[in-house]
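Asks: My questions will all concern the structure given below.
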Amino acid sequence: MLRTRTILISCLGLCLAATRAVAQEDLPQDPVGTEQTPSTETALFLEIPSVYGAAKYDPKVNEAPAAVIIITAEQIRKYGYRTFAQILDSAPSLFTNNDRNYGYLNIRNFNQPGDYTSRILLLIDNHRLNDAVFDQGGAGTEMPIDVDLVDRVEIIKGPGSSLYGTNALFGVVNVITKRGRDLKGAEVSGEASSFNTYRSRLSYGNKFSNGVEMLVSGSFSDSEGHRELSYPAFASTNNGIAKDADRDNLYYYTGKLSYADFTLTGGHQWRKKNVPTAAFGTVFNDNRQHTLDERTYLDLVYQHEFAYQLNVKARLYKPGQPNVLHKIISLYLTNSQAQVTQLRQAWQGRDSDAIRATAHSLKSSSATLGAHRLATLAKQLEEACWTAHVEQAEGLIMLIEIAHRDACVIFRNELQSSPKEAA
């Protein structure tokens, strides 16, 4: 019995050895030559990139205290990304959308209406881009950067409020632009695409022998957008079709100058976007409705590394534009007073259509500035006119007049207590 068991085990071992030999003969030969380093060893000698946005200094990615995604200029060129939104959409758990006016960035499906990317901090070369009114960060064409000038995009997912404040609740996106040495001369580019979209760029960058490094660039873009857009909510006007109301026109200039431990960056952007959605109670299918954005900023950074890993960094920056919030509040105070007066006059004339239209405009502007009590009353007045309960209008108008006076007091106090220019 023992001899038989030994013979069976020996036969099984021979069969396994023969099978292994046949399998090795069927495998293709390794195309990598003996002089080439295997990929597992190559990875040990690759340069590990640094990331600034995770800790406000430049640790290696594998040492950063956060989940970091880096999208490089090579990846942007390889996959043909032509907009900032396309770059962001390529990252896991990030997606963008737009309302035909601005673009919005979302992380892990957090995107409640009225949240204008205010929970995500957007930076260009470590300079904050979220505005001072709604804390909005642009993810569309309002982002003042040409994708051809992007060196890498750092995406740090997760809370970063301890470093940056409330805007960094869901994450930080830091766009690092190219340096003069990356261009080594002049570049001219142009492109044409669908919807009669044309873009052009002129750039020059270099690093000189005296240590000065510079990059200047100007970009222009013009797009007609969709010729026709359908909105069933406005079916009573032109069958709900908005024609030639999606145009997007913009230009921006950027520059970077470095010498020794100092780096000066700056930029200027102008953008005009037609809005086809009849936002804020405007007239549908009127291509005169548009949003105009303009931004100018300067940023001076000093950074020096001393002995014993002591790193000193100082930043001086100025947006270079007046506080837009003052203009918006002042305009609201003027317009809302006129609208409240129009409501009283329309009620005296028993013009329900005028009451409804004025209440809709007052509701939109009040909700935008956070006058929620006034916006709620205006909404109730608008609904009363739609449902033919006009008898409720007089009482609602009286409440609106009281809520408007209270809101004006709050807004005027805010104007007096806040500085007139953004620091």
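The values are calculated or read from the model by the stated rules, or taken from the named source; none is laboratory data. Keep in mind it's a predicted model, so treat the numbers as computed, not measured. We place every Cβ from the backbone using ideal geometry, glycine too, and count neighbours over all the protein chains shown.
Asks: Does the stretch 358-367 contain any residue that is outside any loop (DSSP other than H, G, I, E, B), farther than 25 Å from D115 by Cβ and at pLDDT 80 or above? Quick ask: steps written out before the conclusion?
Replies: First, pick out the residues of the stretch 358-367 that are outside any loop (DSSP other than H, G, I, E, B): 358-367.
When the remaining residues are screened for being farther than 25 Å from D115 by Cβ, the result is 358-359.
Applying the additional criterion that residues be at pLDDT 80 or above yields 358-359.
Yes: one or more hits.
Asks: Please state which one of L250, L229, L163 is under 30 Å from V68 (Cα atoms) and out of contact with any helix residue (DSSP H, G or I) (no Cβ under 8 Å at 6 or more places or on another chain). Step through it out loud before you land on a result.
Replies: Details: L250 fails: under 30 Å from V68 (Cα atoms); L229 fails: under 30 Å from V68 (Cα atoms).
On inspection, the qualifying residue turns out to be L163.
Asks: Given the criterion among the hydrophobic types (A, V, I, L, M, F, W, C), buried (at least 17 other Cβ atoms within 10 Å of the Cβ) and under 26 Å from the mean Cα position of the chain (by Cα), identify the matching residue among L229, L202.
Replies: Details: L202 fails: buried (at least 17 other Cβ atoms within 10 Å of the Cβ).
Answer to the selection: L229.
Asks: Any residue at all in the stretch 274-288 that is farther than 30 Å from K318 by Cα, in contact (Cβ under 8 Å) with a residue 24 or more places away in the chain and acidic (D, E)?
Replies: The answer is yes, given that some residue of the stretch 274-288 is farther than 30 Å from K318 by Cα, in contact (Cβ under 8 Å) with a residue 24 or more places away in the chain and acidic (D, E).
Asks: Could you list, in sequence order, all residues of the stretch 214-247 that are more than 19 Å from V283 (Cα to Cα) and out of contact with any Asp or Glu (no Cβ under 6 Å at 6 or more places or on another chain)?
Replies: Start the filter on the stretch 214-247 by keeping residues that are more than 19 Å from V283 (Cα to Cα), which leaves 214-225.
Result: M214, L215, V216, S217, G218, F220, S221, D222, E224.
Asks: What's the number of the only condition in (1) modelled with pLDDT of 95 or more; (2) over 16 Å from T254 (Cβ atoms); (3) not β-branched (V, I, T) that Y204 fails to meet?
Replies: If we test Y204 against (1) modelled with pLDDT of 95 or more; (2) over 16 Å from T254 (Cβ atoms); (3) not β-branched (V, I, T), just (2) comes out false.
Asks: Something else: Would you tally the residues in the stretch 203-228 being under 30 Å from A260 (Cβ atoms) and in a strand (DSSP E or B)?
Replies: We begin by selecting, within the stretch 203-228, every residue under 30 Å from A260 (Cβ atoms); these are 203-219.
Filter once more, keeping what is in a strand (DSSP E or B): 203-207, 213-219.
The total comes to 12.
Asks: In the stretch 118-133, is there at least one residue being touching a residue at least 12 places away in the same chain (Cβ under 8 Å), surrounded by 19 or more Cβ atoms within 10 Å (Cβ to Cβ), among the hydroxyl-bearing types (S, T, Y) and within 25 Å of T291 (Cβ to Cβ)?
Replies: No, every residue in the stretch 118-133 fails to be touching a residue at least 12 places away in the same chain (Cβ under 8 Å), surrounded by 19 or more Cβ atoms within 10 Å (Cβ to Cβ), among the hydroxyl-bearing types (S, T, Y) and within 25 Å of T291 (Cβ to Cβ).
Asks: Looking only at the stretch 368-396, how many residues end up being among the hydroxyl-bearing types (S, T, Y) and part of a helix (DSSP H, G or I)?
Replies: Final tally of qualifying residues: 2.
Asks: Pick out the one residue from D246, D261, D222 that is buried (at least 19 other Cβ atoms within 10 Å of the Cβ) and either in the same structural domain as L183 (by TED's automatic domain parsing) or of a type in the set (S, T, N, Q) (or both).
Replies: Working: D261 fails: buried (at least 19 other Cβ atoms within 10 Å of the Cβ); D222 fails: buried (at least 19 other Cβ atoms within 10 Å of the Cβ).
After applying the criteria, what remains is D246.
Asks: So, one more: When the stretch 394-423 is examined, which residues are found to be modelled with pLDDT of 75 or more, touching a Lys or Arg at 6+ places or on another chain (Cβ under 9 Å) and small (G, A, S)?
Replies: A403, A407
Asks: On to the next question. Quick one: A186 ticks every box in (1) at pLDDT below 80; (2) in the same structural domain as D244 (by TED's automatic domain parsing) bar one, so which box is it?
Replies: (1)
Asks: When you go through (1) of a type in the set (F, W, Y); (2) without any contact (Cβ under 8 Å) to a residue 60 or more places away in the chain; (3) exposed (fewer than 15 other Cβ atoms within 10 Å of the Cβ) one by one for Y253, which number turns out not to apply?
Replies: Against the list (1) of a type in the set (F, W, Y); (2) without any contact (Cβ under 8 Å) to a residue 60 or more places away in the chain; (3) exposed (fewer than 15 other Cβ atoms within 10 Å of the Cβ), Y253 comes up short only on (3).
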